[in-house]
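Asks: Structure incoming, see below.
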Amino acid sequence: MSERPIVVAITGASGAPYAVRLLEALVEAQRPVQLIVSSHGVRLLSTEMDIGSVEALRARVGAAAWDRWVTTFDDNDRGAAPASGSALNAGMVICPCSMGTLSAIAAGSSRSLVERAADVALKERRPLLLVPRETPLSAIHLENMLRVARAGAVVMPAAPGFYNRPGSIVDLVNFMVARILDHLGVAHDLVKRWGGDDAE
C-alpha cells in the first residue's frame with residue numbers, strides 16, 4: 001500500500017497552512033501524491049500564504065521532492081486517474097474541505113475531479129479524510145457530515161488540541177497534519193504523542 005499514491009485535494013475552505021504542511025510531510029515521507037487543487041483552492045493559497053499558483057506551491061514544497069513524488073491533475077479533468085476505481089491508490093484526503101465540497105460528496109454529485117475522486121474512495125471502500133474548517137456549523141453542515149461519515153469517510157474538523165501546549169502556529173498546524181498522517185498510515189515525528197498522565 002505504501003507504493004500506492006495518496007490523493008490530496010485542496011479546496012476553498014480556510015486552512016491553507018494545513019494543506020502545505022501536509023504536502024511537505026508526505027514528500028518528506030517519500031509517499032507518492034496525486035494532487036488536485038480546485039480554482040478556489042488556488043485562491044485560498046494566495047489569500048492565506050501568498051502562494052499564487054500550483055507552480056508557486058511546487059517551489060514552496062521543494063521542486064526536487066515535488067518532481068519526484070507529486071503528480072498534479074486538473075480539477076476539471078474527470079477522466080484523470082483519481083476518477084477511476086481501477087486506478088489504485090491508498091486513499092484520499094481533502095484538506096481543507098469546503099462545505100460546498102462536503103455537500104457535493106454527501107449528495108454524490110461528482111461535478112469535478114475532487115468530488116469524483118472522493119466518490120470513488122467511498123465506493124471502493126478506501127480511506128477518505130475530510131478536513132472542514134467552518135464555524136459555527138449549521139444543521140445542514142452537520143447532516144452532511146453525518147451522511148458522509150455513515151458512507152465511510154472520516155470527518156476531521158481542523159480543530160487542533162492544546163494539551164501539548166503549542167507555542168506557535170506551526171505547532172497547531174503540525175497537530176492537525178499529524179492526525180491526518182496517522183489516519184493515512186504515514187509515519188511521522190511532527191508531534192509528541194500522549195503517554196498517559198503526561199505528554200511524552
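Asks: With the dipole of the range 6-184 worked out from charges on the C-beta (+1 for Lys and Arg, -1 for Asp and Glu) around the Cα centre, which of Phe73, Ala16, Leu102 lies farthest toward the positive end?
Replies: Towards the positive end, the residue furthest out is Leu102.
Asks: If you don't mind, another one. Which trypsin sites (Lys or Arg not before Pro) does the range 58-153 hold that lie in a coil by DSSP with at most 12 other beta carbons within 10 Å? Present the calculation step by step, with values, prior to reporting the outcome.
Replies: Working: sites: Arg58, Arg60, Arg68, Arg78, Arg111, Arg116, Lys123, Arg125, Arg133, Arg147, Arg150; in loops: Arg78, Arg111, Arg125, Arg133.
Those that pass, being in a loop and sparsely packed, are Arg125.
Asks: So if R0 is 22 Å, what FRET efficiency would His183 and Ile140 give, r being the distance between their Cβ atoms, rounded to the nearest 0.05?
Replies: 0.30
Asks: So for the chain, taking the charge dipole from beta-carbon charges (+1 Lys/Arg, -1 Asp/Glu), which of Gly195, Val148, Val93 sits furthest toward the positive end?
Replies: So the residue furthest toward the plus end is Val148.
Asks: Can you give me the relative contact order of the chain as a percent, contacts being Cα pairs under 8 Å and 6 or more apart? Please report the intermediate quantities before stating the final value.
Replies: Details: 345 pairs, mean separation 45.0, N = 200.
Relative contact order of the chain: 22 percent.
Asks: Output the peptides 32-45, 156-169 sorted from most to least packed, where packing is the average of other Cβ atoms within 10 Å over each peptide's residues.
Replies: Packing order, densest peptide first, comes out as 32-45, 156-169.
Asks: For the pair Ser39/Ala56, report the inter-label distance in nm, with labels modelled 7 Å from Cα in the Cβ direction.
Replies: In this crude spin-label approximation the distance works out to 1.8 nm.
Asks: List the residues, sorted by chain then number, that are 5 or more residues from Val33 or on another chain and whose placed amide H is less than 5 Å from its amide H.
Replies: Excluding prolines and chain starts, which carry no amide H, the hits are Ile6, Val70, Thr71.
Asks: Can you give the charge dipole size of the chain about its Cα centre, rounded to the nearest 20 debye, using +1 on the beta carbon of Lys and Arg and -1 on the beta carbon of Asp and Glu?
Replies: Magnitude of the dipole: close to 420 debye.
Asks: Also, quick follow-up: Round to the nearest 0.05 the FRET efficiency obtained for Asn76 and Gln30 when R0 = 30 Å and r is the Cβ-Cβ distance.
Replies: 0.55
Asks: How big is Rg to Rh over the range 6-184, alpha-carbon atoms, Rh as the Kirkwood inverse-mean-distance radius?
Replies: On the Cα set of the range 6-184, Rg over Rh gives 0.94.
Asks: Give me the number: length gained by fully extending Ala65 to Arg111, i.e. 0.36 nm times residue separation minus the C-alpha to C-alpha distance, one decimal in nm. Write down the numbers at each step before the final one.
Replies: Working: separation 46, 0.36 × 46 = 16.56 nm, distance 3.09 nm.
Gain on extension, Ala65 to Arg111, equals 13.5 nm.
Asks: Which value at 222 nm does the chain reach when only helices count, each DSSP H run of 4 or more adding -39,500 (n - 2.57), with the total divided by all residues and rounded to the nearest 500 deg cm²/dmol?
Replies: Using -39500 (n - 2.57) per qualifying helix, the result is -13500 deg cm²/dmol.
Asks: Okay, moving on. Just want to confirm a number: the relative contact order over the range 115-200, from Cα pairs under 8 angstrom separated by 6+ residues, in percent. Working shown, then result.
Replies: Working: 66 pairs, mean separation 19.7, N = 86.
Once normalised by length, the contact order is 23 percent.
Asks: For the pair Leu122 and Glu3, what calculated FRET efficiency results from E = 1/(1 + (r/R0)^6), where r is the Cβ-Cβ distance and R0 = 30 Å, to the nearest 0.05?
Replies: The computed FRET efficiency comes out at 0.85.
Asks: Explain nothing, just the number: dipole magnitude of the range 13-98 about its Cα centre with +1 on each Lys and Arg Cβ and -1 on each Asp and Glu Cβ, in debye rounded to the nearest 20.
Replies: Rounded to the nearest 20 debye, it is 140 debye.
Read-outs throughout are calculated quantities, based only on the coordinates presented, and are distinct from any laboratory measurement. Keep in mind the model is a prediction, meaning the values are calculated, not measured. Note that each Cβ is placed from the backbone with ideal geometry, even for glycine, and that neighbours are counted across all protein chains shown.
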